[in-house]
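The values are calculated or read from the model by the stated rules, or taken from the named source; none is laboratory data. Being a predicted model, the structure only gives us computed values, none of them experimental. In this analysis, Cβ positions are derived from the backbone assuming ideal geometry, glycine residues included, and neighbour counts consider all displayed protein chains. We work out accessible area using only protein heavy atoms, side chains counted, and drop any ligands, DNA or RNA first. Shrake-Rupley method; radii C 1.70, N 1.55, O 1.52, S 1.80 Å.
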Amino acid sequence: MKRFFAALALAALAIAPVFSQAPDVSKILRELDDMGDFSGRDFSAVYTIVSQKPGEKETVTQARMFRRDGRKQFVLLIVMPEVNKGQGYLREDDNVWFYDSGSRKFSHSSIKENIQNSEAKNSDLTKRSLLDDYGVAATTEGTIGKYPVWVIDLKAKNTEVSYERMKLHVRKDQNMILKEEDFSVSGRLMRTTLFPKYADVGGKLIPSQILIIDELNPGEKSQLTLTEQSVAALPDSVFTKAFLEKVNK
Amino acid sequence: MPVVVRMAFRNIWEHKAKSLIVGTLLALGVIILIVGNAFMDAAREGIQKSFIANYTGDVFISGKVESPVSLFGVQSMGGLEDTPNIPEFERVWEYAKGLPGITSATSMASGFGILAQDEDATIGDTEADDNRRDAFLFLFGVESDTYWRLFDQVDVVRGRRLGPGETGIMLQEDRMEKISKYLKHDVKVGDPILIQGISNSGFRIRELTVVGTFRSRSEGAGPEQLSYVDINSLRLLSGMTVGAAEDIDLSYAQTSMLSTTDADSLFGGDMIDSGAAAASTGRIRESSLEGILGDTSERERLNQADYGAWHFILLRTAGPADTKAAIASLNGYFAREKVDAVAGDWQKASGPYGQSVDILRVIFSIAVIMLAVVSVIIIMNTLVISVIERTGEIGTMRAIGAGRGFVRKLFATETIVLSFIFGVVGIVLSFVIVWILRLLDIKAGSQFLVILFGGKTLSPIIGAGSVIGSLALILAVGYLAHFYPVSVALKIQPVRAMQNE
């Protein structure tokens, strides 16, 4: 579950736009920020996360996400594993409710708190701003697979971000993040995230396959797959406790 | 009295100032050793007594994983690892119960939970973040039939104990106020409270009725956030359900990247998956979302408690010899029958609590070693000065026929006599200090102090072993310290020594 939320947080932020080839880094970052913002539109998708740990059985979580950034709302509905089916999270402003379909009860927490036991904070599921949180330390050129990329080295401006340093590998011909490397304060590589597949959803490029590699624990990785992505308008009733109860009837 | 002893006494008396300096140091060393050990012994005995009586019993059986397992879960670096169930529980249970010297037995499971705000809560209904600690619960899932027979020192303050087959929770009496403050409403016996269980398989919410509040009769340290729940509620909260080991079929696309070793190979083709997205515009109707979960009938079955799942078996024995024998028999049985389980004593069961005593002892031992080294150096220095001052005397003794051996024996005797006298003084003073400390009745203000004090008040215990050991150590320090000064003394030629006189 821990990795599930970490992966989900990543997926939420890696939404990238089509962009120019100019190495104007601030502009690239602004575009990445803007395109990750779904204000004014709804977004929904099915997230499947498969996590691997050496010597252990793969763990699978599938959830359906409904987002309405303009009103700071989201609903996350667990679809798999079967035993957790129907559990869900509802966010409204700074409130987050967890719904347990087993007991048909809700519990409340605030957006500032960690999502239960996971490393992700509730606030990770909301948008982040590269431009506000990070300053550009260096920009170099590189290649990933067949794609030439800008390697943008970012340094945190505040202590609220999860990682002190981040290296973004952004495709030159289109503004898409292909790879993100996260570093600790001491400069140690903590996590590598690859974004090899995107989907064009209503003119926005949204990652559809993500591979997260835990660099601290060799062999631990997670694959996140997004399907059924949509920016179609959602009914208001989705972002209510009643919706979580209703789909479980 | 042999002549060397008489001479040693005379020399100690004649060099009063130096003897007093060295002696004070030796006595101080003995006091630190004895009083320190008295603290350590009290801490260990306090925790041991409290844990055996209240939480662990004498013998503890758990499932086996790489990291150590205690009543408080698996201690691993990676964070939360689920406590393993005891494999082939029925067989292990029958074997354990039937061992000689076992007077009672129970099985249980443990888990974590937090007090949850109900659905009507919004921001501001919970206390500030620094009070979140009060929401944490350490849950013992017990079977009332056998548990209270083994742990009869838990006193019910209000309400009643969990009865056989009863669903509910028992909270610590002194936490009720904090819990009420956290939930921002008065929590009384009979009230339902929402608990959110935390485990690797996710989160579960259950409403449990507070059936009673309790207080441990024994004084020692214990888990502050402990609550008792019925075993089936614990199983549901901790994901010990029928569906815990469910298999899920995955498509190739959902796992294809996990086997990739070369990151570049993922970026060889077209990156934009045009067919992946669903209808991206328009409006989704509410009615189309109603059936998104599909069939949920299987879920009910998978969410039933796994009635055969237990984390631990706890046994009470007739005496320490039975405990040792039972642990040995059980571990032999597990090895023979290839059962992934392990048996241990209260210290294994108490996990971090039992270890805290060992850690304190290691820190104390390091301090004692440092003190011993410093003492040897200081005593040696003082003796060297004393020897140099007595060069003439040594020269004269050697000139009139005293051999090297005699001089060496004289100094050795002198330091040992000095160590012995002041060692005894130290012992007497240690008893006085401990007596005064017990009279003062110092209360432990924090959980750390409760562990250090071995109970709610400071009551150090001086053991015979610690007295004999400290005296032996101080005699050894004294003996060790005489070698160098004597070698200095023996290097001086008798003629030159007498000239100095």
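For the stretch B:278-330 and the stretch A:226-249, what is the centre-to-centre distance using only Cα atoms, to the nearest Å?
27 Å
Give the value in nm², to one decimal: projected area of the alpha carbon convex hull of the protein assembly as shown, averaged over all directions.
Orientation-averaged projected area of the Cα hull: 43.9 nm².
Kindly provide the helix-only [θ] at 222 nm of chain B, computed as the sum of -39,500 (n - 2.57) over DSSP H runs of four or more divided by all residues, to the nearest 500 deg cm²/dmol?
About -15500 deg cm²/dmol.
Karplus couplings for the stretch B:297-314 from phi (6.51 cos²θ - 1.76 cosθ + 1.60, θ = phi - 60°), rounded to Hz, Gly and Pro as x?
My calculation for the stretch B:297-314 gives 5, 5, 4, 4, 5, 5, 8, 7, 4, 7, 5, x, 8, 9, 8, 9, 10, 10 Hz in order.
Pull out the extension gain between B:R160 and B:V495, defined as 0.36 nm times the separation in residues minus the alpha carbon to alpha carbon distance; nm, one decimal.
Extra length from B:R160 to B:V495 when fully extended: 111.5 nm.
Carbon and sulfur atoms: what percent of the 1.4 Å accessible area of the protein assembly as shown do they account for?
C and S atoms contribute 55 percent here.
Given R₀ = 30 Å, FRET efficiency for A:A242-B:K184 by Cβ-Cβ distance, to 0.05?
It comes to 0.75.
Out of residues 5 or more away from B:D191 or on other chains, whose amide H comes under 5 Å of its own, with H placed 1.01 Å from N in the peptide plane?
It is B:V210, by chain and number.
Rounded, prolate or oblate: which fits the stretch B:405-455, taking a ≥ b ≥ c as square roots of the Cα gyration tensor eigenvalues, rounded meaning a/c under 1.5, else prolate when a/b beats b/c?
prolate
Work out how much length B:L28 to B:I378 would gain on full extension: take 0.36 nm times their residue separation and subtract the Cα-Cα distance, in nm to one decimal.
Gain on extension, B:L28 to B:I378, equals 124.7 nm.
If I model a spin label as a point 7 Å beyond the Cα along the Cα-Cβ vector, how far apart are those points for B:E90 and B:F420 in nm?
My value for the distance between the label points is 6.9 nm.
Mind listing the long-range amide H neighbours of B:G455? Cut-off is under 5 Å, sequence gap 5 or more, other chains count too, H placed in the peptide plane at 1.01 Å from N.
When sequence neighbours closer than 5 places are left aside, the close amide H contacts are B:A221.
Solvent-accessible area of B:I416, probe 1.4 Å, all protein chains present, reported in Å² to the nearest ten, please.
Spelled out: B:I416, probe radius 1.4 Å, area about 60 Å².
Amide H to amide H under 5 Å from B:S110: which residues, 5+ apart in sequence or cross-chain, H placed 1.01 Å off N in plane?
The answer is B:G141, B:H311.
Can you give the FRET efficiency for B:R6 and B:E224, using 1/(1 + (r/R0)^6), R0 = 60 Å, r = Cβ-Cβ distance, to the nearest 0.05?
Details: r = 62 Å, r/R0 = 1.03.
Here the calculated transfer efficiency is 0.45.
Over the stretch B:43-116, what lengths in whole Å, largest first, do the semi-axes of the equivalent ellipsoid take, defined as the square roots of 5 times the eigenvalues of the alpha-carbon gyration tensor? Let's see the in-between values first.
Values: eigenvalues 105, 72, 31 Å².
That gives 23, 19, 12 Å for the three semi-axes.
If R0 is 25 Å, what FRET efficiency do you get for B:Y252 and B:E300 from their C-beta distance, rounded to 0.05? Walk me through the numbers before you get to the answer.
On the way: r = 31 Å, r/R0 = 1.25.
Given R0 = 25 Å and the Cβ-Cβ separation, E is 0.20.
Taking the Cα centroid of the stretch B:150-182 and of the stretch B:1-54, what is the distance between the two, rounded to the nearest whole Å?
A separation of 47 Å, based on Cα centres.
For the stretch B:172-181, just list the computed ³J(HN,Hα) in residue order, Karplus coefficients 6.51, -1.76 and 1.60, θ = phi - 60°, integers in Hz, with x standing in for Gly and Pro.
6, 4, 6, 9, 4, 5, 5, 5, 4, 5
Please give the length that would be gained between A:S184 and A:K53 if that part of the chain were fully extended, namely 0.36 nm times their separation in residues minus their C-alpha to C-alpha distance (nm, one decimal).
45.0 nm
Under 1.5 on a/c is rounded, so check that first for the stretch B:142-214, then, if it is not, pick prolate when a/b is larger than b/c and oblate when it is not; a ≥ b ≥ c are the square roots of the alpha carbon gyration tensor eigenvalues.
oblate
Work out from phi, with θ = phi - 60° and the Karplus expression 6.51 cos²θ - 1.76 cosθ + 1.60, the ³J(HN,Hα) of each residue of the stretch A:30-38, listed in order in whole Hz, and give x for Gly and Pro.
Karplus values, whole Hz, x for Gly and Pro: 4, 4, 4, 4, 4, 6, x, 9, 9.
Once you sort the root eigenvalues of the Cα gyration tensor of the stretch B:387-501 as a ≥ b ≥ c, which label holds: rounded (a/c under 1.5), prolate (a/b larger than b/c) or oblate (the other case)?
The shape class here is prolate.
Would you mind getting the Kirkwood hydrodynamic radius of the stretch A:136-190 from its Cα pairs, rounded to one decimal in Å? Write down the numbers at each step before the final one.
Values: mean 1/r = 0.0860 Å⁻¹.
One over the average 1/r among Cα pairs gives 11.6 Å for the stretch A:136-190.
I want to check the label-to-label distance for B:S265 and A:S26. Put each point 7 Å from Cα in the C-beta direction and report it in nm to one decimal.
4.3 nm
Past the 22 Å Cα-Cα mark, which pairs from B:K97/B:K348; A:K53/A:K204; B:K64/B:K324; A:K72/A:K157; B:K184/B:K443; A:K27/A:K179?
Working: B:K97/B:K348 20 Å; A:K53/A:K204 33 Å; B:K64/B:K324 19 Å; A:K72/A:K157 24 Å; B:K184/B:K443 31 Å; A:K27/A:K179 19 Å.
Beyond 22 Å between Cα atoms: A:K53/A:K204; A:K72/A:K157; B:K184/B:K443.
List the extent of the Cα atoms of chain B along each of their three principal axes, largest first, rounded to whole Å.
So the three principal-axis extents are 117, 67, 56 Å.
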